[in-house]
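Asker: The structure follows.
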Amino acid sequence: EDPALVEAFEARVAADEFIEPKDWMPDAYRKTLVRQISQHAHSEIVGMLPEGNWITRAPSLRRKAILLAKVQDEAGHGLYLYCAAETLGTSREQMIDALHSGKAKYSTIFNYPTLTWADIGAIGWLVDGAAIMNQVPLQRTSYGPYARAMVRVCKEESFHQRQGYEIMIALANGTPEQRRMAQDALNRWWWPSLMMFGPPDDNSPNTERSMRWRIKRETNDELRQKFVDITKPQADYLGLTIPDAALAWNEEKGGHDYGEIDWEEFYAVVRGEGPVARERMEARRKAWDDGAWVRDAAAAHEAKRQAKAAA
Ligand code: FAQ
């Protein structure tokens with residue numbers, strides 16, 4: 001690569017300029033973006049499954065309508081992000097192939113099962129809460145199409161977070177059985193939510209370069225810390241207990257100390273060994289196969305339209 005081009009590129013990034021699809025960029029920058037944006041897209045798409053599981057069993061029509069809208073938003077986010085990645089020269093088919101063959105990752109969090117209705121509350125509160133924490137800074141990521149996609153995505157995520165917290169409020173103030181369900185969901189989703197932010201900074205191979213290129217604006221540990229600090233008072237308000245005996249305010253650092261994350265579990269889930277990883281991939285592959293006739297019909301329709309236009 002031409003050192004003058006690299007230098008000019010680095011200067012633009014350092015000046016907080018957006019890089020646009022037709023601009024020159026280093027190969028590794030392009031690759032990192034395709035990796036991160038496509039994995040982000042896959043997470044949105046696979047992320048529809050745990051909640052989709054509860055649409056038919058939502059406890060009221062109101063809850064059902066809200067959940068349906070949320071899951072639909074996630075499909076929209078996925079498609080938005082695939083489009084952003086396509087501007088880097090990769091095709092939708094390549095990305096989806098990579099997901100289905102197990103080559104591409106998606107967030108570890110979606111490999112855990114949703115066992116009760118309270119899990120839908122906990123996902124909105126914690127999983128969308130963590131997603132917002134990670135995605136708000138990405139509105140200033142250096143690649144223009146990704147940054148712009150994040151603006152709308154973040155607005156919708158904050159509605160998602162509130163709908164989850166509102167479910168938790170209802171359960172936490174409900175019957176003893178409902179309170180128990182809420183606490184149980186918090187117990188099961190807390191640690192996996194902390195893992196969403198990725199490995200610790202000293203074990204995160206991509207962070208340093210992605211921070212320099214302003215793809216990432218904050219490190220994994222910085223975002224995780226902010227998430228813990230914001231979420232603890234929310235748990236207190238619900239009267240629920242975060243399942244971490246080491247969680248305590250540290251006056252000196254102006255943040256909470258928290259217990260050791262089980263990184264063995266994290267890496268096992270990243271390797272595809274999560275509790276419901278196999279079901280998730282099977283569901284995605286089946287949806288893709290079942291939708292083949294729709295793609296074929298759309299392509300045939302377009303071919304006919306073009307033939308007519310040419311005639
Ligand atoms: N799961 O060097 P780093 C949502 C991988 S929110 C799986 O630190 P990086 C909304 C990582 O890819 C969830 N893999 O990597 C929603 C890398 O492997 P690679 C999606 C993980 O990229 C809510 C390796 O470990 N959000 O979907 C995870 O600098 C509710 C080393 O890690 C995003 O994707 C993990 N948790 O930092 C939907 C946000 N963590 O690729 C439905 C955008 C790390 O080299 C319902 N992404 N790995 O083979 C990011 O901000 C970053 O990519 C990180 C990872 C922070 C996820």
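Asker: On the basis of being touching a strand residue (DSSP E or B) at 6+ places or on another chain (Cβ under 9 Å), under 19 Å from Phe110 (Cα atoms) and hydrophobic (A, V, I, L, M, F, W, C), does Ile37 make the cut? Break it down stepwise before answering.
Answerer: Details: touching a strand residue (DSSP E or B) at 6+ places or on another chain (Cβ under 9 Å): yes; under 19 Å from Phe110 (Cα atoms): yes; hydrophobic (A, V, I, L, M, F, W, C): yes.
Yes, satisfied.
Asker: Related question: Of Ala118, Ala130, Ala98, which residue is at pLDDT 95 or above and under 24 Å from Val151 (Cα atoms)?
Answerer: Working: Ala118 fails: under 24 Å from Val151 (Cα atoms); Ala98 fails: under 24 Å from Val151 (Cα atoms).
After ruling out the rest, the residue left standing is Ala130.
Asker: Out of the residues in region 169-224 meeting the condition of being under 30 Å from Pro59 (Cα atoms) and assigned to a loop (DSSP other than H, G, I, E, B), tell me which one is nearest to the ligand (Cβ to nearest atom).
Answerer: The residue in question is Met196.
Asker: Let me ask another. Being near the ligand (Cβ under 8 Å from one of its atoms), assigned to a helix (DSSP H, G or I) and either surrounded by fewer than 24 Cβ atoms within 10 Å (Cβ to Cβ) or of a type outside the set (Val, Ile, Thr) (or both): is that true of Leu126 here?
Answerer: Against the criterion (near the ligand (Cβ under 8 Å from one of its atoms), assigned to a helix (DSSP H, G or I) and either surrounded by fewer than 24 Cβ atoms within 10 Å (Cβ to Cβ) or of a type outside the set (Val, Ile, Thr) (or both)), Leu126 does not qualify.
Asker: From the list Arg63, Arg30, which residue is more than 24 Å from Pro205 (Cα to Cα), modelled with pLDDT of 95 or more and assigned to a helix (DSSP H, G or I)?
Answerer: Values: Arg30 fails: more than 24 Å from Pro205 (Cα to Cα).
Of Arg63, Arg30, the one residue that is more than 24 Å from Pro205 (Cα to Cα), modelled with pLDDT of 95 or more and assigned to a helix (DSSP H, G or I) is Arg63.
Asker: Kindly evaluate Trp249 against the criterion of being within 14 Å of the ligand (Cβ to nearest atom), surrounded by 11 or more Cβ atoms within 10 Å (Cβ to Cβ), farther than 27 Å from Ala75 by Cβ and not polar (S, T, N, Q).
Answerer: no
Asker: When the residues of region 3-33 are narrowed to those that are within 14 Å of the ligand (Cβ to nearest atom) and over 16 Å from Arg148 (Cα atoms), which ends up nearest to the chain's Cα centre (by Cα)?
Answerer: This residue is Thr32.
Asker: Give me the pairs: first residue in region 30-47 and aliphatic (A, V, I, L, M), second residue within 8 Å of the ligand (Cβ to nearest atom), beta-carbon distance under 6 Å, and six or more apart or on different chains, which are they?
Answerer: Sorted first by the residue in region 30-47, then by its partner, the pairs are Val46/Tyr106; Val46/Phe110.
The values are calculated or read from the model by the stated rules, or taken from the named source; none is laboratory data. Because the structure is predicted, anything quoted here is derived from the model rather than measured. Neighbour counts are summed over all protein chains in view; Cβ atoms, including those assigned to glycine, are modelled from backbone coordinates with ideal geometry.
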